[in-house]
Amino acid sequence: MRILVIEDEIKIAQFIKRGLKEEGYAVDVAADGEEGDFFLSTNDYDLIILDLMLPKIDGLTLCRQLREAGRQIPIIMLTAKDTVKDKVRGLDSGADDYIAKPFAFEELLARIRVLLRKKDSQTVTTQLKVDELVMDLLTQKVKRGEREIELTVKEYALLEYLMRNAGNIVTRTMISEHVWDINFDTMTNVIDVYINYLRNKIDSGAERKMIHTVRGKGYFLKK
Ligand code: CA
C-alpha cells in the first residue's frame, strides 16, 4: 500500500512518514498542494493524507479538484482546528475522513485501515486468504496452514500486495508503485531479491508452490 502525505509542516510530515513506514506502508511526502497534485498525476497511490492549510493549493481545493476529476482514492483530511465547520467543509469537499491535529498515531492508523478495507470491498475484512495462506491485517500475522511465517515489514507489504492481487500477474512496475516509495530505483533487482525471500519463507518445503514467475512480465500468487 502506497500513501501520499501532503503536509507542509516538515516535523508532522516526517512523524507520519516514519510511523507509516514502520507499519510497512510505502510513503511519499509532498510539501504543498502543487507538489501533491504533481505526485498524484505521476504516481499511483492507495490513499492520501491531506493537510487542510497548504501553500499554493490548499487541501480543500485539491480535494475538490480530485473528486471533480473523478478520482475515487480515499482521502483523510488533516487540520489544526477541530471545529465542526472545518470538519463539514472537509467532508463536503469530498474527503472520506477527517482527523484533527494533534492526533494519536494509533488513531490515524486505525482510520487508514478502515478506509483501505472499504476500498477493497463493501464488507469489512480483517484478513486476506489465498488458499491455505492467511494474513491477519490487524495483528499482521501470516500463516500457511498451521505454520506461522515470520516476515519483515517489507516482506509483509510485498506479500499483502500479491495477496490482494492473487491470481493476476503483477509487474515489477506495479510492485514498485505500491510497495516502494518514490525514491525507489527501478533499475535495481531489489524486487526479485524480496520475491526470493518470500519464496523461501512461504514455498520452501511445500509441495504446492504459490509464488510464480512469469518470464518477462512479473509474478503472480496462485489461488
Ligand atoms: Ca499546514
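Where Rh denotes the Kirkwood radius from the mean inverse Cα pair distance, what is Rg over Rh for segment 127-221? Could you put the intermediate results ahead of the total?
Details: Rg = 12.8 Å, Rh = 13.6 Å.
When Rh is taken as the Kirkwood radius, the ratio is 0.94.
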Could you tell me the distance between the Cα centroids of segment 1-70 and segment 158-214, to the nearest Å?
-> 26
Which percent of the Cα-Cα distances in segment 2-120 go past 22 Å?
-> 23
Hey, can you find the accessible area per residue of the chain for me, probe 1.4 Å, expressed in square angstrom?
-> 51
Considering amide H positions built from the backbone, and no H for Pro or chain starts, which residues 5 or more places from Lys141, or on another chain, come under 5 Å of its amide H?
-> Asp136
Using alpha carbons only: equivalent-ellipsoid semi-axes of segment 42-89, gyration tensor based, whole Å | 19, 11, 11
Which value, in debye to the nearest 20, gives the size of the charge dipole of segment 1-129 about its Cα centre, when Lys and Arg are +1 and Asp and Glu are -1 at the Cβ?
-> 420
Carbon/sulfur fraction of accessible area - segment 127-221, other protein chains in place, 1.4 Å, % | 48
When only Cα pairs under 8 Å and 6 or more residues apart are kept, what is the percent relative contact order across segment 96-186?
-> 14
Per-q log10 I(q)/I(0), the chain, q = 0.18 Å⁻¹ (Debye; single scatterer per alpha-carbon; no solvent) | -1.31
In deg cm²/dmol, rounded to the nearest 500, the helical mean residue ellipticity at 222 nm of the chain, built from -39500 (n - 2.57) for every DSSP H run of length 4 or more, is -12500 deg cm²/dmol
Karplus (6.51, -1.76, 1.60) ³J(HN,Hα), θ = phi - 60°, over segment 97-108, in Hz, Gly and Pro reported as x = 8, 8, 9, 9, 7, x, 10, 7, 4, 4, 5, 4
Phi-based couplings in Hz for segment 9-21 (Karplus 6.51, -1.76, 1.60; Gly and Pro marked x) = 7, 4, 4, 5, 4, 5, 4, 5, 4, 4, x, 5, 5
Using θ = phi - 60° and the Karplus curve 6.51 cos²θ - 1.76 cosθ + 1.60, what whole-Hz ³J(HN,Hα) does each residue of segment 204-218 get, with Gly and Pro shown as x?
-> 5, x, 8, 6, 9, 7, 9, 8, 10, 9, 10, 3, x, 10, x
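The values are calculated or read from the model by the stated rules, or taken from the named source; none is laboratory data. Just so it is clear, the structure is predicted and the values come from calculations on it, not from any experiment. Note that each Cβ is placed from the backbone with ideal geometry, even for glycine, and that neighbours are counted across all protein chains shown. Calculation scope for accessible area: heavy atoms of the full protein, side chains included, ligands and nucleic acids excluded. Shrake-Rupley method; radii C 1.70, N 1.55, O 1.52, S 1.80 Å.
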